[in-house]
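Below you'll find the structure, written out as structure tokens, and then a few comments.
The values are calculated or read from the model by the stated rules, or taken from the named source; none is laboratory data. Since we're looking at a predicted model, the values are computed, not measured. No Cβ is skipped: glycine too gets one built from the backbone with ideal geometry, and neighbour counts run over all protein chains shown. We work out accessible area using only protein heavy atoms, side chains counted, and drop any ligands, DNA or RNA first. Shrake-Rupley method; radii C 1.70, N 1.55, O 1.52, S 1.80 Å.
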Amino acid sequence: MITLSVKNLKKKIGKKEIIKGIDIELYEGEVFGFLGPNGAGKTTTIRMLTGLIRPTSGSISICGYDLQKDFTNAMMHLGCIVENPELYPFLSGYDNLVHFARMIPGFQSKRLAEVIELVGLSERIHDKVKTYSLGMRQRLGIAQALLGNPKVLILDEPTNGLDPAGIREMRQFIRDLAKNEGLSVLVSSHLLSEIQLLCDRVAIISKGAVIQTDTVHALLSSQEKMVWRVEPLQQAKQILESATEVVELEDCLITDFDANKAGLWSRELVNSGIQIIEMNRRLPALEDLFLELTGGDRIE
Amino acid sequence: MNKLIQNEMLKLLARKRLIVVGIILSILVVLFTYAQYQTVQTQLKKLGTTDWRTTLQQQIIDTQNRLSNSRIPDDFKKELEVRVKQQQYYLDNDINPAEPGAPSFTKEFMENSIDLLLPLMIMVIASDLVSSEFSMGSIKLLLTRPVKRWKILFSKYVTLLLAISLIIAMMGMISYLISGVVFGFKGWTAPEFIGFQITEAGFDASGASIIPQWQFILMDFGVVWFAAVVVGTLSFMVSVLIRSTAAGMGIILALLIAGAILSNMVSSWTSAKYFFMLNMRLTDYLNGSPPPIEGMTLSFSLAVLTVWWLLALFISFGVFTKKDIY
Amino acid sequence: MCEVFILKKPLSIVITALSAVLLCVWLGGFLYAVQTNLNVQADESKNTSQDTGKKSQAVNNEKDLKVVAVGDSLTRGMGDETGKGYIGYLTDEMKAKSKKPVIVQNLGISGQKSDSLLAQVKTYSVTRQLKEADYILITIGGNDLFQGGQTLVDFQPAAVKSIQQKYLHNLEAILSHVRSSNSGAVIFLVGLYNPFIELENGKDTSQVVREWNYKSAEAAAKQIKTVYVPTFDLFELKVNDYLYTDRFHPNSKGYRLIAERVAALLTW
Ligand SMILES: Nc1ncnc2c1ncn2[C@@H]1O[C@H](COP(=O)(O)OP(=O)(O)O)[C@@H](O)[C@H]1O
Ligand SMILES: [Mg+2]
């Protein structure tokens, strides 16, 4: 089922077209990545999706409700954190949640305890938010986003500023939400590694336009490389070249990654008496990926 | 809507602004009470140590004698009649007219704070109400709820009205309690003179009548409230338009002070009467003080203030519901 | 968790409810004030429109000469057969000489002493009229000093002294109040003559009146644009020609003399 559908979304600020026609569809239970470098337009898009700014053109519908025409119903099914969760520092975490819960029509008060339990803030919930660590604020932010039992959760760079343990925890948390509660989660990030670990599908955005939307698996496997550190280099290159395309870079050889063939190739090399010092699957750097996708220079 | 207002109240109370306002007011009232006390003391000294009751009685008789003189003009006669009634009241209730008691002090305090002190206090609350959400960033959380924007702004506006009402009551209470300790708490039913007219033909008391002081104070508070609502709404608008609370306060402060200066200058620039600041002193119309610019009347000032008020409301809601939140 | 929920809410609910009640009260007060005052205003406009625009037109016009006279029976014109008094003659003179319309407000009260004049000038209506005046004329002190002739009949210097002190105190307050309510107008303080000059202790009484006048002139000199107008000399030689039958107030001749003297000081 499609929970969020965005069609030909555009935004002009002044004369500058910042978002140039974005189409996205989110399905129930999936984590969708929104990948792009800083300044690509991720936050601007998310602000439009959450009703904070008005699109110049295009339509957004959340669970079938048009955001422009039926704001209230659309927002009933949406939870979000745009950039940082800026909760009221002078209120306790609990009061913050009460505050936002009061804005949800027909709110059931048992949901409050549920959400607090879910994000694991029970112990500190009555402390003032100004005493919270960044990780706790992030979790409280998620708690407020989940208060209304949304179908769609939008998180803008949710791991920004967290320490590695916090990042891992957050990642797991998001995956669980999608799996256990059937939420569609849209996560923006400028880190490919994060998207890779977290998302089912990904849209890559650059300069306000989506250049590719695909499953993470498909996207990565088409772009993943194999790095060979072998001795002697030239001989190995000849052997590999008979099987696939090879690029020589410094003291390594780089081929496409193909899970089925990699074993075969290495056996061939070993049989030819070549010593394999290291063989490595390597994710392309985000910049490389962009260069490739946008038809720029290859890694050569 | 009720819940939204509860939310705004929760935030307002948590930020303790009202308490700050209360403390400021208390300090000022203590100061003014002391000043008033000093004035009263010097006055008493000047009048000598004679019993004020006999003096008062003598004055009443004098005034009554004067009233029997057919030659005095009618409007003056009316005023004398009121004076006799006031003096008689003071005598009957054992109030020394030189030490007028807490109700009178409160009335005067309100009348004197209507164009600067009270607006400042209101401004402290109003100019922060919206802009603080922007500067804290919480506006993004507030506006991504299943609630229409105008409702959110409306709840803030209602909260502002509630806060204004509360501040005015606080002001009244503080000034009554503190001054009462010094001057005594009596005098609620002292007769007051209303219905002075400052017409183009000059001063006219022919429509005047007498009401007990508490009614007069109620009217005073009513018009003070209205003036405060107008200033509050203007600050509210500035708060919607400008992210920075400090800059917003600066603008309103500058306007208020400019108004105070303008109304003190004998201004031949009569168009200045269309500024809201020059129409703030609504209490002057009740007690018969002359307006800053000739030809201004209560209905004129009310009309001017209402126009400013509607304009500010219109702009606030227009901008807020359309605004892109970055 | 729940207790806090319950604990916190009442305070804010109570305050909200209280504020709502207060809001209604103040709104009620406001409506009451508007209703009371606008009703009066409506009545007023009916009244004033009846007694024509003559008055309002005249006052509106900045080029009017506005004269406000306060004080005692001299201002009132007591003793003048024509009823004009010195104010009346002065007005005639001004109207003849000036191109501008002259508006006179005579607020004199017969028998008024300095303390009650002080109270009178402090009232709203009088202050308001003083504010708009171009010339302010004051006669005061006669009743303080003479008390209908009693003081000087049983002449006691000590008693006069204390009367004079009180009078001066009041006079200074009157002048400073008038001055502060209107900084532009010229104030004329008309001095005393001695109606008893031809009685047996005329010398003594004249001495007292001269002293009195001297002190009054000094008080006038303390305020800017405040002129003391002596009358003593006018009545010095032929006092009985210029006095009314009560031998105390001037007759029309006497008033004319005073008016001429004041008129001579007017400038326009
Ligand atoms: N208020 C604004 N006015 C003009 N340009 C803006 C505004 N906000 C963002 N931009 C521009 O829009 C582009 C996209 O910004 P943003 O959506 O914040 O990027 P991201 O979140 O992907 O890093 C940037 O080039 C930025 O400079
Ligand atoms: Mg961003």
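List of remarks:
- All-pairs Cα distance distribution in the protein assembly as shown, expressed in whole percent, bin size 10 Å: 2, 10, 15, 15, 12, 10, 8, 7, 7, 5, 4, 2, 1, 1, 0, 0
- At 1.306 mPa s and 10 °C, Stokes D of the stretch B:212-326 from Kirkwood alpha-carbon radius, µm² per second: 103 µm²/s
- Rg in Å to one decimal, and Dmax rounded to a whole Å, for the stretch A:2-220 via C-alpha atoms: 16.8, 50
- Peptides A:233-240, A:245-252, A:76-83, A:155-162 ranked from most to least packed by the mean count of surrounding Cβ atoms within 10 Å: A:76-83, A:155-162, A:233-240, A:245-252.
- Simple point charges give the picture: +1 on the Cβ of Lys and Arg, -1 on the Cβ of Asp and Glu, and for the protein assembly as shown a dipole about the Cα centre of about 1140 debye.
- Each Lys or Arg adds one and each Asp or Glu takes one away; over the other residues whose Cβ falls under 10 Å from the Cβ of A:Arg201, this sums to -4.
- Computed over the stretch C:62-265, the convex hull of the alpha-carbon atoms projects to a mean area of 10.5 nm².
- All other residues whose Cβ lies under 14 angstrom from that of B:Ile325 are scored, Lys and Arg at +1 and Asp and Glu at -1, for a net of +4.
- Across peptide A:106-117, the mean count of Cβ atoms from other chains lying within 10 Å of each residue's own Cβ comes to 1.
- Scoring A:51-61, A:132-142 by mean Cβ neighbours within 10 Å over their residues and listing the highest first yields A:132-142, A:51-61.
- Taking all protein chains into account, the per residue accessible area for the stretch C:62-265 stands at 43 Å² (1.4 Å probe).
- The C-B contact accounts for approximately 4400 Å² of buried accessible area, totalled over both chains at a 1.4 Å probe radius.
- Summing charges over all other residues whose Cβ lies under 14 Å from the Cβ of B:Ala228, with Lys and Arg as +1 and Asp and Glu as -1, gives -2.
- Around the amide H of C:Leu137, modelled in the peptide plane, lie the amide H atoms of C:Val68, C:Ala69, C:Val70, C:Phe188, all under 5 Å away and 5 or more residues distant in sequence or on another chain.
- The H on the amide N of A:Ile13, modeled in the peptide plane, is under 5 Å from the matching H of A:Ile18, each at least 5 residues off or on a different chain.
- Counting, for every residue in C:13-25, the Cβ atoms of other protein chains within 10 Å of its Cβ and taking the mean gives 6.
- Rounded to 0.05, the FRET efficiency of the B:Ala260 and B:Val307 pair, given R0 = 22 Å and the Cβ-Cβ distance, is 0.55.
- Mean Cβ neighbour count within 10 Å, used as a protection proxy, ranking A:94-100, B:273-279, C:214-220 highest first: A:94-100, B:273-279, C:214-220
- Solvent-accessible surface (1.4 angstrom probe) belonging to A:Lys11, in square angstrom, nearest 10: 10 Å²
- Based on protein heavy atoms only, the stretch A:2-220 ends up with 39 Å² per residue of surface accessible to a 1.4 Å probe.
- Take each residue of peptide A:47-57, count the partner chain Cβ atoms within 10 Å of its Cβ, and average: the result is 3.
- Projecting the Cα atoms of B:Leu162, C:Tyr214, A:Ala209 onto the charge dipole of the protein assembly as shown (Cβ charges, centred on the Cα centre) puts C:Tyr214 farthest toward the positive pole.
- Given +1 at the Cβ of Lys and Arg, -1 at the Cβ of Asp and Glu and no other charges, the dipole of the stretch A:105-172 around its Cα centre is 140 debye to the nearest 20.
- Shape call, the stretch A:224-282: gyration tensor on alpha carbons, a/c limit 1.5: rounded
- Helix-only mean residue ellipticity at 222 nm for the protein assembly as shown, each DSSP H run of n ≥ 4 adding -39500 (n - 2.57), per residue, nearest 500: -18000 deg cm²/dmol
- Contact order normalised by residue count of chain A, Cα under 8 Å, 6+ apart, percent: 20 percent
- If R0 is taken as 30 Å, the Cβ-Cβ distance between B:Ser271 and C:Ile13 corresponds to a FRET efficiency of 0.05.
- The Cα center of the stretch B:275-326 and the Cα center of the stretch C:79-141 differ in position by 40 Å.
- Across C:Lys97/C:Lys131; A:Lys12/B:Lys323; C:Lys113/C:Lys238; B:Lys107/B:Lys186; A:Lys69/A:Lys207; A:Lys16/A:Lys42, pairs whose alpha-carbon gap is larger than 19 Å: C:Lys97/C:Lys131; C:Lys113/C:Lys238; A:Lys69/A:Lys207
- Centre-to-centre, using Cα atoms only, the stretch A:111-152 and the stretch A:8-57 are separated by 26 Å.
- Considering only beta bridges that DSSP places wholly inside the protein assembly as shown, some 55 percent are antiparallel.
- Share of carbon and sulfur in the accessible heavy-atom surface of the protein assembly as shown [1.4 Å probe, %]: 56 percent
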